[in-house]
Amino acid sequence: VNIITGYGEDAGAELCRNPLVDKIAFTGSTEVGRLVMQNAAGTLKKITLECGGKSANIVLDDADLEMAVDGSLYAMFYHQGQCCEAGTRLFLPDSIADEFVERMVVRVRAMRTGDPMQPSTDIGPLISQRQRETVLGYIAQGNNAGAILKTGGGVPSDPACARGFFVEPTVFDRVSNAWTIAREEIFGPVLSVIRYSSTDEALRMANDSPFGLGGGVWSKDPEKAMHIARNLRAGTV
């Protein structure tokens, strides 16, 4: 079985269409994933796609807050949010949301931004100037929509960040699931906190997305957590 990754306009199309290739494995954008599927259909080729994501990270009201904050930080800011499975939508119950956000903001502000080759660095640069402009554009949309910017939102002024395409780790609170920053994959260090009043509401909003790559649930009650996990429309929870 030939497993091919990558997709150039000509070479990628040929790999997808050629009957000598048995399988295509693609990691990348949803738009290109659709092209891979279309081109592979002619030979009924086996395909594996890992495309875009806007993963829901749902915290229940009985969760261990320290553990959930720590896990939510990792889910969001690992590799500066440049991961398709990043937990970019954080769903918090009204009863604990204020305390949770306060704890998270303290932790985010303590993150060290700088040279990714240094072990002390927590947040490195984005991949390109173009991507930084894209991420800053999403941040502007969040501000214009009425989200509450709790921390970050700009380019760090530290001289150590002068040579890279850095964006501050950013947390928006009181985001509507209908807003652009909650609907589209940003691929940068921008977290949307979405509050909910019931688990049914959390599930409804979590599943109201064109993406379904991953998700997470935080609870001390295994049965409650499994109920949420079973009803999340996501490939991996």
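The values are calculated or read from the model by the stated rules, or taken from the named source; none is laboratory data. Please read these numbers as outputs of a predicted model, since none were measured by experiment. We place every Cβ from the backbone using ideal geometry, glycine too, and count neighbours over all the protein chains shown. Note: accessible area is taken over every heavy atom of the protein model, side chains too, but ligands, DNA and RNA are not part of it. Shrake-Rupley method; radii C 1.70, N 1.55, O 1.52, S 1.80 Å.
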*asked:* Could you tell me which residue out of I181, S192, F166 lies farthest along the dipole of segment 131-212 toward its positive end? Charges go on the beta carbon: Lys and Arg +1, Asp and Glu -1, centred on the Cα centre.
replied: F166
*asked:* Nearest 10 degrees is fine. How inclined is helix 30-40 to the longest principal axis of the chain, computing both from alpha carbons?
replied: 20
_Unit charges at the beta carbon, dipole of segment 59-134: most positive-side option, Q118, V59, M76_ = Q118
*asked:* Under 19 Å between alpha carbons, and skipping anything fewer than 8 positions from K220 in its own chain: which aspartates and glutamates qualify?
replied: D61, D62, D64, E66, D70, D94, E99, D200
_Once neighbouring chains are kept in place and the probe is 1.4 Å, which whole percent of the accessible area of segment 85-237 is contributed by carbon and sulfur?_
48
*Under a straight-distance cross-link criterion of Cα-Cα below 20 Å, which lysines are reachable from K23, leaving out those fewer than 8 residues away in the same chain?*
K45, K46
*Using the heavy atoms of the protein chains alone and a 1.4 angstrom probe, what is the accessible area of segment 141-220 per residue in square angstrom?*
45
*Gap in Å between the Cα centre of segment 27-83 and the Cα centre of segment 139-171?*
22
*asked:* Compute the angle between helix 65-77 and the longest alpha-carbon principal axis of the chain, please, reported from 0 to 90 degrees and rounded to the nearest 10.
replied: 40
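With a probe of 1.4 Å, find how much accessible area segment 55-118 has per residue, and write the answer as a whole number in Å². Write out the running numbers ahead of the final one.
On the way: 2870 Å² over 64 residues.
Result: 45 Å² per residue.
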*Among A86, T48, A225, flag the residue with its Cα farthest along the positive direction of the charge dipole of the chain, charges on Cβ as +1 for Lys/Arg and -1 for Asp/Glu.*
T48
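Would you kindly calculate the translational diffusion coefficient of segment 106-179, applying Stokes-Einstein with the Kirkwood radius from alpha carbon pairs, for 37 °C and a viscosity of 0.692 mPa s, and quote it in µm² s⁻¹ without decimals?
Working: Rh = 13.1 Å.
Stokes-Einstein gives a translational diffusion coefficient of 251 µm²/s.
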*asked:* I'd like to compare 218-225, 137-144: which one has the highest average count of other Cβ atoms within 10 Å, and what's the full order after that?
replied: 137-144, 218-225
_Residues of segment 86-102 with amide N under 17 Å of a point placed 7 Å along Cα→Cβ from L65_ = 91-102
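For segment 168-237, go through all pairs of different Cα atoms, get the mean of 1/r, take its inverse, and jot down that Kirkwood value in Å. Intermediate results must be reported in sequence, preceding the final value.
On the way: mean 1/r = 0.0760 Å⁻¹.
Here the Kirkwood hydrodynamic radius works out to 13.2 Å.
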*May I have the pair-distance distribution P(r) for the chain, computed from all Cα-Cα distances with 5 Å bins from 0 and rounded to whole percent?*
1, 7, 14, 16, 16, 14, 12, 9, 6, 3, 1, 0
_Descending semi-axes in whole angstrom, ellipsoid equivalent of segment 52-175, from the Cα gyration tensor_ = 24, 16, 14
*Looking at the chain, send over the antiparallel percent of its DSSP beta bridges, to the nearest 5.*
15
*When the dipole is taken about the Cα centre of the chain, and only Lys, Arg (+1) and Asp, Glu (-1) are charged at their Cβ, what size is it in debye, to the nearest 20?*
500
